[in-house]
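What follows is a set of notes on a single structure, which appears directly below.
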Amino acid sequence: MAEDEGITVKKGENFSEWYTQVLIKSEFFDYGDVSGTTIFRPYGYYVWERIQSFVDELFKADGISNTAFPLLIPKKFLEKEKEHIEGFSPEVAWVTKAGQSKLEEELAIRPTSETIMYPAFSRWIRSWRDLPLRYNQWNNVVRWEFKHPTPLLRNREFLWNEGHSVFADEESANDERDRILEIYEKTLRELLCLQGIKGKKTESEKFAGGVATYSFEFLLPDGRNVQGPDFHHDGTNFARAFDIAYLNKTGEKTYAFQNTYAISTRMLGVLLAVHGDDKGLVIPPGLSRYQVIIVPIYNEKNREEVLDYCRKIHKITSGSHRTHLDERSEYTPGWKYNYWELKGIPIRFEVGMREVKQSQITYVRRDTMEKGTMAFESVISQVEVILKSIGENLLKKSSDFLYSHIKFTDNLEEMKSLIADGNMAQANWCGKESCEKKIKDASGGKSTNMPFDIPVKAGLKCVCCREKAEFVVNFGKSY
């Protein structure tokens, strides 16, 4: 592989340039012709398909049904929930003409689907017997508020799931929260091999129109935070705006309680940024289009003998794992090594006459570049062991990186330095929005979430006003 085809900068020296090169040169992604839009090339879209399939199966097992609603939203619908539209109004893209004719009513290109789904929910829900209603859709949305998009991490158009649930009472709605967060956590840890911080958003950072927002938060190597999958409890806010009500068992009109939740293609950016290295992508085994690449090494004299052995390896492994034999004769083995390393394929088999004669296989694992051999007879079990080890190692590295960069402080000046040095700064907070704003202004970082697993200790004081602390909050720079 020519030098200009590989990565020419180091991740630790110029993260932004490294990130862009990795995305483009690995053929994972390309830029759309409209700023902030994404072309998912087959290797990239495969990863999203795997995530979508994994999450979708868990949703369905939990009783959630898929549906599909229109892309365009009448303006009158979008304006029904005041707080919601105020939160999204800077982001909305509008359709105002059809051909040469001006539309009688402007149509919003969905930034999210509450306002197009809930008029239908209002028609469909009449009695307590119609609940719960738990729907999900996989779609694209458009949000136009920002000036400097970042591929995958901050796009004007992105793919995601939209879960929308309706319950008869608040207890049932709140019970769903932990189940959905568990589904997302399972996906993050088992499939993406990523560790995130699970917690509750502050009031100022919650979903527009919601009662409470819960999220997974991630830290990238450039010191910026990214919000991952989230869950919003919306109470009866949307139900009252869209008249989603039912007759309870005593015949009284009662407003329903609602939740929404999502995971998006933003997680692909987190995945690549956290796991990638100076050679390119490092894709976890559960997500990679190919789990094993077989590279034959031969000369004209032994070509067919080596290829026959490689084909046997391919045949025996392809029944249990996603395996690909690279038989291209126009490229050298060394070029192929670099090519597949750039794409992040978990395991590479290097097979020449030595391997043929000894009935073995030489392997290289992508995460550590460790080299070893295995017997042909045990190839399936050995591949399974290595893939499992790669997943565990990637998750551990992700967890070690994240937690080593969360620094507790009780001082605003120190908080500013910690965030500037690429950390999440963790601090005690009284709960007042005025203090949260002062902390943001003084530190240069906004609140990410309040971790579930770190309760505030008795007697501790707010990092800002020095009054009694009610919460522990993480702060950091965000995309």
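Within the chain, what's the longest run with no trypsin sites (Lys or Arg not before Pro) in a DSSP loop and at most 12 other beta-carbon atoms within 10 Å? Give the range, please.
329-456
Cross-link list K75/K437; K198/K477; K446/K468: which exceed 23 angstrom alpha carbon to alpha carbon?
Going by Cα-Cα distance, K75/K437 fall outside the 23 Å limit.
First measure r as the distance between the Cβ atoms of S320 and A61, then evaluate 1/(1 + (r/R0)^6) with R0 = 25 Å and state the FRET efficiency to the nearest 0.05.
0.55
Could you please rank V226, V472, placing first whichever residue has the fewest other Cβ atoms within 10 Å of its Cβ?
Listed from fewest to most nearby Cβ atoms, that is V472, V226.
Just how large is the dipole of the chain about the Cα centre, in debye to the nearest 20, putting +1 at every Lys and Arg Cβ and -1 at every Asp and Glu Cβ?
Charge dipole of the chain: 100 debye, to the nearest 20.
With the crude spin-label approximation of a point 7 Å out along Cα→Cβ, what separation in nm comes out for A420 versus Y403?
In this crude spin-label approximation the distance works out to 2.9 nm.
Taking neighbour counts of Cβ atoms within 10 Å as a proxy for exposure, in what order, fewest first, do D326, D30 appear?
The order, fewest Cβ neighbours first, is D30, D326.
In which sequence would F376, F349, F146, F158 go, from the one with the fewest C-beta neighbours within 10 Å to the one with the most?
F146, F376, F158, F349
If you take every residue apart from L159 with its C-beta less than 12 Å away from the C-beta of L159, what net charge results, scoring Lys and Arg +1 and Asp and Glu -1?
Net charge around L159: -2.
Relative contact order (percent) for the chain, with alpha-carbon contacts under 8 angstrom and 6 or more residues of separation?
14
Can you compute log10 of I(q)/I(0) for the chain with the Debye formula, treating each Cα as one identical point scatterer, at q = 0.06, 0.11, 0.13, 0.14 Å⁻¹?
Computed log10 I(q)/I(0) values: -0.33, -0.99, -1.24, -1.35.
Dipole of the stretch 3-275 (Lys/Arg Cβ +1, Asp/Glu Cβ -1, origin at the Cα centre): which of F242, Y19, F54 lies farthest to the positive side?
Farthest towards the positive pole: F242.
Lys/Arg Cβ at +1, Asp/Glu Cβ at -1, dipole of the chain taken about the Cα centre: which of L103, G44, A68 is farthest positive-ward?
Ranked along the dipole, the leading option is A68.
Under the Karplus relation 6.51 cos²θ - 1.76 cosθ + 1.60, θ = phi - 60°, what is the ordered set of whole-Hz ³J(HN,Hα) values for the stretch 225-230, x standing for Gly and Pro?
8, 10, 7, x, x, 9
With charges only on Cβ, +1 for K and R and -1 for D and E, what is the dipole size of the stretch 406-478 about its Cα centre, in debye, rounded to 20?
120
With a ≥ b ≥ c the root eigenvalues of the C-alpha gyration tensor of the stretch 292-386, is it rounded (a/c under 1.5), prolate (a/b larger than b/c) or oblate?
oblate
If you take the charge dipole of the chain about its Cα centre, with +1 on Lys and Arg Cβ and -1 on Asp and Glu Cβ, which of V141, T115, N338 is farthest toward its positive end?
Of the listed residues, the answer is T115.
Quick one: net charge around G199, please, counting Lys, Arg +1 and Asp, Glu -1 for every other residue with C-beta under 9 Å from its C-beta.
+1
State the Kirkwood hydrodynamic radius of the stretch 356-429 in Å, one decimal place, computed from all pairs of distinct Cα atoms.
15.7
I'd like the distance separating the alpha-carbon centroids of the stretch 204-233 and the stretch 1-56, in whole Å.
Between the Cα centre of the stretch 204-233 and that of the stretch 1-56, the gap is 23 Å.
When a/c is below 1.5 the answer is rounded, else prolate if a/b is larger than b/c, else oblate, so apply that to the stretch 406-478 with a ≥ b ≥ c taken from the square roots of the Cα gyration tensor eigenvalues.
prolate
Calculate, in nm to one decimal, what N411 and Q100 gain on full extension: separation in residues at 0.36 nm each, minus their alpha carbon distance.
Full extension from N411 to Q100 adds 106.0 nm.
Taking a threshold of 21 Å on the Cα-Cα distance, which of the pairs K25/K397; K25/K315; K206/K438 fall above it?
With Cα atoms farther than 21 Å apart: K25/K397; K25/K315.
For the stretch 209-295, divide the Cα radius of gyration by the Kirkwood radius and give the resulting Rg/Rh value with two decimals.
1.26
Work out how much length E305 to A68 would gain on full extension: take 0.36 nm times their residue separation and subtract the Cα-Cα distance, in nm to one decimal.
Working it through step by step, the gained length comes to 80.0 nm.
None of the figures in this text is laboratory data; all of them are computed from the coordinates on show. In this text, all values refer to a predicted model and were calculated from it rather than measured experimentally. We place every Cβ from the backbone using ideal geometry, glycine too, and count neighbours over all the protein chains shown.
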